[in-house]
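Data block below; observations after.
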Amino acid sequence: MARIYVTCRIFEDEIERLRSAEHDVRMRGEEGPIARDELLRRVTDVDALICLLSDVIDAQVMAAGHNLRIIANLGVGYDNIDVHAARERGIVVTNTPGALTETTADLTFALLLAAARRIVEADEYVRAERFLGWELLQEHLGSDVFGKTLGIVGMGRIGTAVARRGHLGFGMNILYHNRHRSLDAEQELNARSVSFDELLTESDFICVHTPLTQETHHLFNRKAFRMMKDNAIIVNVARGPVVDEDALVWALETGEIAGAGIDVYENEPKVHPGLLKLKERVVLAPHLGSATGKTRRRMAKIAVDNVLSVLSGREPLDPVI
Ligand code: GLV
C-alpha cells in the first residue's frame with residue numbers, strides 16, 4: 001500500500017481506482033489553490049502526488065516529501081515543477097500530453113473569432129437592449145479571419161491543431177516559429193517556418209503555444225508588439241508570463257495592435273487591471289483551454305494511470321523526464 005495525495009478535487013471514480021489498488025488516498029476537498037504550508041505538510045509521508053499546474057512543486061516540496069516517487073501533473077505544461085530537482089532525487093514527473101490538444105485548439109479559435117468579430121461586446125450590447133436595427137455602418141464592425149495570415153509561435157501538438165483549423169477551415173496562410181521545423185505541417189498545411197521577427201511583422205493573428213521557459217519568458221514585450229501589424233490580434237492560451245502583460249496593455253491602449261484573446265495571465269489568477277478595463281476586441285477567459293468534461297476526465301485518468309504504473313514498479317506512461 002502506498003500513500004497518495006491529490007491537491008485538488010478530482011473525479012470520484014478515479015479516486016476509487018486508486019483505492020481499489022489498495023492505496024491510501026487523501027484528496028483535498030476544498031476549492032481554490034492549496035496554501036504553501038499545507039502542501040509542505042501534506043507531502044511529508046506520501047509516495048505519490050497528483051497536482052495542478054498552479055501548484056509550485058520545487059526542491060523544497062520535494063525535500064519535504066522525501067518518500068515521493070512520482071509527481072503526476074494534471075496538465076500538459078509542467079513549468080510549475082522543478083524537473084531538475086526531481087531528476088536529482090529520482091522522482092518521476094508525468095504530464096497529460098495528447099489529452100487536451102483538440103480541446104485547447106478549439107478554445108484558441110473561439111478566442112480568436114470572438115476577438116476578431118467582437119462577440120463579447122456584441123452580446124453585452126444586445127442584452128442591454130441597445131440593438132435597434134440593422135445598419136450598414138453598424139457598431140461592432142470587426143476583422144475578417146478567412147484568408148488572413150495566422151502566425152503560430154510553438155508548433156507542437158496544439159499549435160499544429162490550431163494551424164489545421166486555420167488552414168483547412170478558414171483558408172488561412174500559416175506561418176510558424178518553432179525550435180524545430182515541422183515538415184508534416186509544411187506538407188499538410190503549406191505552413192512556412194519563419195523567424196520570430198518575420199512572424200511578428202507578417203501575421204494578422206498570432207497564437208501563442210510555446211511552453212514557458214527562461215527563453216520564452218516575456219517573449220512578447222514592447223519591442224515585439226511594436227513590430228506587429230496595428231490590425232493584429234494576439235491569442236495566448238499557453239502560459240501568462242510568455243507575454244509581458246504591462247507591454248500588452250500598453251500595446252492595446254496605444255493601438256500598436258488591435259486586440260487580444262487571453263486565457264492565461266502573468267500572475268494567475270490575478271488579472272492585470274489594465275486588461276480588465278479594455279473591452280474593444282479584448283476577450284478574457286479563466287484558463288479554460290482544456291475545460292470540457294470529457295477532456296478533464298481524460299486528464300485525471302492519465303494522471304491516475306501514471307501513478308498506478310509507477311507505484312506498481314512499472315515505467316511511467318507519460319514521463320516528462
Ligand atoms: C494547461 O494549461 C495545461 O498545461 O494543461
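The values are calculated or read from the model by the stated rules, or taken from the named source; none is laboratory data. Quick caveat, the model's predicted, so the values are computed rather than measured. Don't worry about glycine lacking a Cβ; one is built from the backbone with ideal geometry, like all the others, and counts go over all protein chains shown. Keep in mind that these areas ignore ligands, DNA and RNA; they rest on the heavy atoms of the full protein, side chains included. Shrake-Rupley method; radii C 1.70, N 1.55, O 1.52, S 1.80 Å.
Scanning the stretch 13-28 for residues that are open to solvent by 40 Å² or more (accessible area, probe 1.4 Å) and in contact with a strand residue (DSSP E or B) (Cβ under 8 Å, 6 or more places away or on another chain) yields a count of 4.
Would a scan of the stretch 231-238 turn up a residue that is more than 16 Å from the ligand (Cβ to nearest atom), open to solvent by 10 Å² or more (accessible area, probe 1.4 Å), over 21 Å from E198 (Cβ atoms) and of a type in the set (A, V, I, L, M, F, W, C)? No, the conditions are met nowhere in the stretch 231-238. Scoring H272 on the criteria (1) under 18 Å from the mean Cα position of the chain (by Cα); (2) within 16 Å of the ligand (Cβ to nearest atom) leaves a single failure, condition (2).
Which residues, counting only those in the stretch 29-52, are at pLDDT 95 or above and either of a type outside the set (D, E, K, R) or buried (at least 22 other Cβ atoms within 10 Å of the Cβ) (or both)? Within the stretch 29-52, I34, A35, L39, L40, V43, T44, V46, A48, L49, I50, C51, L52 qualify. Residue count for the stretch 239-253 under the criterion of being within 22 Å of R157 (Cβ to Cβ) and either open to solvent by 70 Å² or more (accessible area, probe 1.4 Å) or not hydrophobic (A, V, I, L, M, F, W, C) (or both): the result is 3.
Counting only residues that are part of a loop (DSSP other than H, G, I, E, B) and farther than 22 Å from V264 by Cα, which one in the stretch 82-112 is least open to solvent (accessible area, probe 1.4 Å)? Steps first, please.
Keep residues of the stretch 82-112 that are part of a loop (DSSP other than H, G, I, E, B), which gives 82, 90-91, 95-100.
Now restrict to residues that are farther than 22 Å from V264 by Cα: 90-91.
Numbers: G90: 59, I91: 8 Å².
Going through the qualifying residues, I end up with I91.
Of the candidates D58, D79, the single residue that is more than 13 Å from the ligand (Cβ to nearest atom), under 25 Å from K270 (Cβ atoms) and among the charged types (D, E, K, R) is D58. Among the residues making up the stretch 158-179, those that are assigned to a helix (DSSP H, G or I), crowded, with 23+ Cβ neighbours inside 10 Å and not β-branched (V, I, T) are G159, A163, G166. Taken as a whole, the condition of being under 27 Å from the mean Cα position of the chain (by Cα), assigned to a helix (DSSP H, G or I) and either touching a residue at least 40 places away in the same chain (Cβ under 8 Å) or surrounded by 18 or more Cβ atoms within 10 Å (Cβ to Cβ) (or both) does not apply to V76.
Out of the stretch 262-304, which residues are touching a Ser or Thr at 6+ places or on another chain (Cβ under 7 Å) and open to solvent by less than 70 Å² (accessible area, probe 1.4 Å)? Those that are touching a Ser or Thr at 6+ places or on another chain (Cβ under 7 Å) and open to solvent by less than 70 Å² (accessible area, probe 1.4 Å): G289, S290, T292, T295, M299, I302, A303.
Of the residues making up the stretch 261-283, none is polar (S, T, N, Q), touching a Lys or Arg at 6+ places or on another chain (Cβ under 7 Å) and either touching a residue at least 12 places away in the same chain (Cβ under 8 Å) or more than 27 Å from D106 (Cβ to Cβ) (or both). A115 meets each of the listed conditions (1) in contact with a Gly (Cβ under 9 Å, 6 or more places away or on another chain); (2) part of a loop (DSSP other than H, G, I, E, B) apart from (2). Within the stretch 224-252, being under 23 Å from P269 (Cβ atoms), assigned to a helix (DSSP H, G or I) and of a type outside the set (V, I, T) holds for G240, P241, E245, D246, A247, L248, W250, A251, L252.
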